[in-house]
1. Touching a helix residue (DSSP H, G or I) at 6+ places or on another chain (Cβ under 9 Å) and buried (at least 20 other Cβ atoms within 10 Å of the Cβ): which single residue out of 248, 240, 270, 258 fits that description?
2. Among all residue pairs at least 6 apart or on different chains, which show Cβ distances below 9 Å where the first residue, located in region 30-57, is more than 22 Å from residue 17 (Cα to Cα) and in contact (Cβ under 8 Å) with a residue 60 or more places away in the chain and the second is part of a loop (DSSP other than H, G, I, E, B) and among the charged types (D, E, K, R)?
3. Mind checking whether some residue in region 153-162 is small (Gly, Ala, Ser) and modelled with pLDDT under 90?
4. Filter region 89-108 for residues that are under 26 Å from residue 165 (Cβ atoms) and either assigned to a loop (DSSP other than H, G, I, E, B) or modelled with pLDDT under 80 (or both) and give the result.
5. Can you tell me which residues in region 250-271 are at pLDDT below 95 and closer than 20 Å to residue 142 by Cα?
6. Out of all the residues in region 134-154, which are assigned to a helix (DSSP H, G or I), in contact (Cβ under 8 Å) with a residue 60 or more places away in the chain and buried (at least 21 other Cβ atoms within 10 Å of the Cβ)?
7. Search region 61-70 for residues being open to solvent by 60 Å² or more (accessible area, probe 1.4 Å) and not in a helix (DSSP H, G or I), and hand back the single one that is nearest to residue 23 (Cα to Cα).
8. List the number of the failed condition for residue 254; all other conditions in (1) of a type in the set (Gly, Ala, Ser); (2) out of contact with any Pro (no Cβ under 9 Å at 6 or more places or on another chain); (3) under 19 Å from residue 26 (Cβ atoms) hold.
Amino acid sequence: MKYYKVDFSISSPNGLMQESRDILSALAGEAGFETFEETDFGLTGYVQQSLFDRPLLDQLLLDFPLPDCQMTYTVAEAEDCDWNAAWEQEGFAPIQVADLCVIHDGRHLPDRVFPLSIEIDAHLAFGTGTHETTRMMVASILEHDLSGCRVLDCGTGTGILAIAALKHGASQSVGYDIDEWSVDNARHNAVLNHVDDRFTSLLGDSALLHEDIPGTFQLVMANINRNILLHDLPLFCQKLTEGGCLLLSGFYAADVSLLESAARDNGLFLERERHDGEWVCLAFAKR
């Protein structure tokens, strides 16, 4: 598939460059962007050409929540390259989640044994544990007794959340993603973690929940941007069993009241709110 490389130049008040980058990456996800690299002047983002919504991006930048921040961008076709080789050269250092779990790649191993170890080769898919939302989601998964549970992972990325749930006792996990690279990468990571016999990775969006993904789930997870969560929340609720849990992240503290109201309208009740910087993870119960 063909990608655009979009270079964002950010002019931000002193001390707010990182916050500006974080907000921009979250907003740009609504315009189709999948991954970002930090630069000295801002961010470089990558977006599938067929999914790039430029008018939406322009509007999001006009409405950027930091009023003193200004930004411009340029668009070019991304060079075809071996993304897997690029990832393998870089990788990431092991990431500890509480005292129970470590997330690592195949080249950087943890220096001690953890009760739960997850190996991830990201290959341009989102979800290695380096981002606050992923760490909060994994920590929330580990708080639940998932023995024998079916788990639904919406926007699976690398498959890290589904894999964490399976290694924590879930009996089956189904994940879906709009990016075919992510779908293949999630399958690959499931094999690395010896849970591929219990994991199904599908290509598509929430429309799959109407007929292609049958049954209900004791745990439904979605680490996506706010607007997609609000749009898909009724479908998530339909797929959730009575007494089940819905875990959501990918949004800021300012979005909590909006998401809580939408969840309440769909018969859910907020049970736990977890913060990491400006990012939030919410756990809802259906009862």
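The values are calculated or read from the model by the stated rules, or taken from the named source; none is laboratory data. No experiment lies behind these values; they were computed from the predicted model shown. Note that we place each Cβ from the backbone using ideal geometry, even for glycine, and neighbour counts take in every protein chain shown. In case anyone asks, the SASA skips ligands and DNA or RNA and just uses the protein heavy atoms, side chains included. Shrake-Rupley method; radii C 1.70, N 1.55, O 1.52, S 1.80 Å.
1. So the residue among 248, 240, 270, 258 that is touching a helix residue (DSSP H, G or I) at 6+ places or on another chain (Cβ under 9 Å) and buried (at least 20 other Cβ atoms within 10 Å of the Cβ) is 248.
2. 48/2; 48/179; 51/179
3. Yes: region 153-162 contains one or more residues that are small (Gly, Ala, Ser) and modelled with pLDDT under 90.
4. 91, 92, 93, 94, 98, 99, 100, 105, 106, 107, 108, listed by residue number.
5. 250
6. Result: 134, 135, 136, 137, 140, 141.
7. 65
8. Residue 254 satisfies all of (1) of a type in the set (Gly, Ala, Ser); (2) out of contact with any Pro (no Cβ under 9 Å at 6 or more places or on another chain); (3) under 19 Å from residue 26 (Cβ atoms) except (2).
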